[in-house]
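What follows draws every value from the coordinates through simple rules; no lab data is involved. The shown structure was predicted, so the numbers you read here are calculated from the model rather than taken from an experiment. Counting neighbours? That spans all protein chains shown, and the Cβs are built from the backbone with ideal geometry, glycine included.
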Amino acid sequence: MIHYEKELNPDQLSVVFAEGGPMLIIAGAGSGKTRTLTYRVARLIEKGLNPDRILLATFTNKAAREMLTRVDRLIGVDTSRLWGGTFHHIANRILRKNAPLLGYGTHYAIADDEDTSQLINTCIAALGIDFKGERFPKGRVIGDIISYAVNTGMDLEKVVAGRTPYFSHWTTEIVEVASLYRRKKHEANLMDFDDLLYNWRELLLKFPEVRRDYGNRFEHILVDEYQDTNLIQAEIMDLLASGHRNLMVVGDDSQSIYSFRGANFENILRFPEKYSDVKIYKLEANYRSTPEILHLANRSIRHNEIQFYKVLKPVRRRGVRPKLVSTLNAVSQANFVTQRIVDHLSDGIPMHEIAVLYRAHYHSMELQMEMTRRGIPFEIRSGIRFFEQAHVKDVTAFMRILVNPLDEPAWKRVLGLYDRIGKKTAEKIWRFVSGSGGAFAAVFSEDFLKSAPKNARPGLLECQAIVKNLINASEGMSPADMMGVILEKGYREILREKYPDADSREEDLAQLGNFSSKFLSMEDFLSELALMTNMVEEDENYYLDKSNGKVILSTIHQAKGMEWSVVFLISCSDGMIPLARSLKEPGGEEEERRLFYVASTRAKDQLYLCYTLLSHNRGMNDCDGGPSRFIRELASAARSPRDCPYDHMPVYGD
């Protein structure tokens with residue numbers, strides 16, 4: 001027997017022992033959500049419910065396995081028959097048996113992202129679209145548009161207009177590609193990830209007997225991270241629970257931060273409207289953070305108007321107040337953070353218990369450089385190292401051929417950016433360029449266009465034009481200005497054609513331009529980049545104990561669900577957090593504040609909020625220096641200096 005009263009607090013106990021019906025559990029950060037779900041499942045089984053009558057929907061299979069493993073240990077019952085896993089995992093199990101009802105075979109294949117992009121590119125070619133010398137979005141970009149439309153229930157035309165307005169003149173063609181893509185998938189007995197959810201819902205809507213069968217089978221349905229569900233996922237759960245209505249959803253509206261993926265914040269807000277007899281429980285006891293950190297987080301999130309009101313209540317004893325750190329610029333911010341990391345390591349805090357969080361990946365550029373210089377091992381959870389990203393390498397490749405026209409790897413990378421130029425064709429073109437005496441003279445000759453197959457010539461014309469523009473503009477131009485020219489003369493269109501996150505990548509390049517502005521020549525800038533990319537840990541950094549893991553660098557989105565002893569939140573300025581482009585979207589400011597809240601509540605013991613006095617970004621007019629509005633509103637709400645939720649440290653840097 002489980003001694004629930006000893007293992008759970010009163011709020012958790014109320015959830016675990018609830019009889020059934022619709023339940024909404026508002027689980028604050030660090031409140032033991034997983035523990036509560038685990039004990040709820042254990043209690044249902046202990047009461048006599050067969051495990052195969054329970055459906056546990058999570059957002060990672062790891063989360064489901066962790067919960068079920070804990071249930072096994074608690075009550076010693078085999079839970080392998082319990083239906084637990086991600087929405088996609090459960091959808092696949094159900095569709096394997098029922099796919100013929102929708103015209104698929106039971107042995108359908110599942111397309112991954114690469115398969116999807118390739119098939120969409122095939123559809124583009126099959127339609128014979130006349131590009132009229134313009135760039136048309138690649139399969140990866142159209143796939144992202146289609147996916148967002150499916151998961152949000154929006155018309156494809158509206159998604160194109162809202163997410164990629166620069167492709168609005170191609171809307172008719174994009175709709176045709178999407179239509180052909182759907183047909184080809186069906187003909188090939190193929191489903192992509194979005195089809196798994198879409199077809200699961202279609203199955204329940206079109207076949208009432210199937211809906212009844214699975215509704216009766218899953219007597220209790222539990223949904224984790226409900227604030228991150230999209231329209232389809234929420235509707236599926238409603239359909240399955242329409243008979244018995246034993247639907248328990250667990251989440252935190254204050255941690256809803258994935259609207260860019262199609263998550264619908266209104267699912268959790270409107271749950272009480274769909275289920276008028278819902279029982280609402282709040283888990284507010286926080287076991288993670290000190291009272292001082294929670295005071296700051298609570299004070300911040302109360303500025304959101306649309307939310308379920310709650311207050312995180314500390315279980316731990318008092319600690320130190322969060323620190324607000326003003327630095328002169330991004331370089332001095334990086335110097336402060338790295339020096340303070342070294343101090344904490346010297347105090348015995350393990351590396352893996354220290355994290356630096358930021359709103360966008362490019363915010364960490366100077367920090368990555370400084371940590372590399374000092375030999376501090378770090379792991380990036382927000383992607384690859386800044387200077388190793390494809391778009392950064394692309395832009396610097398253009399600059400490299402201006403500095404050294406015989407740079408073979410740079411030429412091949414630039415050539416590969418254009419349509420119909422693969423590795424073999426690039427090699428053939430390079431042999432012509434390198435064997436003609438002068439690389440630029442060869443590029444501008446008529447024979448340049450003849451050095452590749454005919455279908456590659458439109459791409460070669462584009463390449464020829466941009467190189468000519470760069471050469472004409474390069475005399476006396478700074479590296480920062482040259483990057484602007486590269487974008488304006490063609491690379492921006494390449495970004496938009498190739499990447500769904502083109503705006504974010506352009507922000508990366510603006511930050512790279514900011515960094516490059518301190519170099520007088522492209523040679524100096526490129527040399528520094530090469531040194532940074534290849535730098536190894538120096539012997540003089542022997543004082544750092546590298547046996548205890550690595551410091552974590554992560555975007556706030558990637559950090560959700562994690563916790564560390566020490567957290568630095570950097571670039572806390574308007575335009576950075578909140579991110580400037582997010583403020584232009586409906587509900588953008590409140591979602592950005594939720595991100596600030598999520599970042600703050602990752603810290604267990606110490607929290608640093610860092611901002612720069614000077615503008616952090618070159619070329620972004622709506623990004624200013626000084627503290628973020630989220631920090632300013634914390635101070636303005638304080639009734640006295642003692643009530644202020646942070647200590648302001650002196651300006652760091654000169």
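The figures follow:
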read-out: Sequence-separation-based contact order of the chain, relative, with Cα cut under 8 Å and 6+ spacing, percent; value: 18
read-out: Cβ-placed point charges (K, R +1; D, E -1), dipole of the stretch 219-373 about Cα centre in debye, nearest 20; value: 700
read-out: Amide N of the stretch 77-112 lying under 14 Å from the label point, which is placed 7 angstrom from the Cα of His186 along Cα→Cβ; value: 100-105
read-out: Largest-first ellipsoid semi-axes for the chain, taking √(5λ) over the Cα gyration tensor eigenvalues, angstrom; value: 45, 36, 21
read-out: Where labels lie 7 Å past Cα in the beta-carbon direction, separation of Lys97 and Ser434 in nm; value: 6.1
read-out: Other-chain or far-sequence residues with amide H under 5 Å of Tyr608's (modelled H); value: Lys323, Val567, Phe568, Leu569
read-out: With Cα atoms, 0 to 90° folded angle of helix 522-534 axis to the chain main axis; value: 40
read-out: Packing rank of 128-138, 110-120, 254-264, where each peptide gets the mean count of other beta carbons within 10 Å, highest leading; value: 254-264, 110-120, 128-138
read-out: Estimated dipole of the stretch 328-395 in Debye, rounded to 20 [Cβ of Lys and Arg +1, of Asp and Glu -1, Cα centre]; value: 140
read-out: Nitroxide proxy distance, nm - points 7 Å out along Cα→Cβ at Val77 and Glu408; value: 6.8
read-out: Loop-resident sites, the stretch 395-478, for trypsin sites (Lys or Arg not before Pro), counting at most 14 other Cβ within 10 Å (DSSP); value: Arg420, Lys450
read-out: Tensor-based shape of the stretch 178-245 (alpha-carbon gyration tensor, a/c under 1.5 rounded, otherwise prolate or oblate); value: oblate
read-out: Degrees between helix 113-127 axis and first principal axis of the chain (Cα, 0 to 90, nearest 10); value: 60
read-out: Degrees separating the helix 457-473 axis from the principal Cα axis of the chain, which is the longest one; value: 70
read-out: Percentage relative contact order, the stretch 239-369, counting C-alpha pairs under 8 Å, at least six apart; value: 19
read-out: Gain upon complete extension [Glu488, Glu427; 0.36 nm per residue less C-alpha separation]; value: 19.2 nm
read-out: Label-point separation, Asp112 to Thr60 (7 Å along Cα→Cβ), nm; value: 1.9
read-out: Packing-based ranking, highest mean first, of 592-602, 636-646, 455-465 given that Cβ atoms within 10 Å are counted; value: 592-602, 455-465, 636-646
read-out: Full-extension gain in nm, Asp481 to Gln558, via 0.36 nm per residue minus C-alpha separation; value: 24.5 nm
read-out: Per-pair calculated FRET efficiency, R0 = 56 Å: Glu379 and Glu5 via Cβ, rounded to 0.05; value: 0.85
read-out: Estimated dipole of the chain in Debye, rounded to 20 [Cβ of Lys and Arg +1, of Asp and Glu -1, Cα centre]; value: 1360
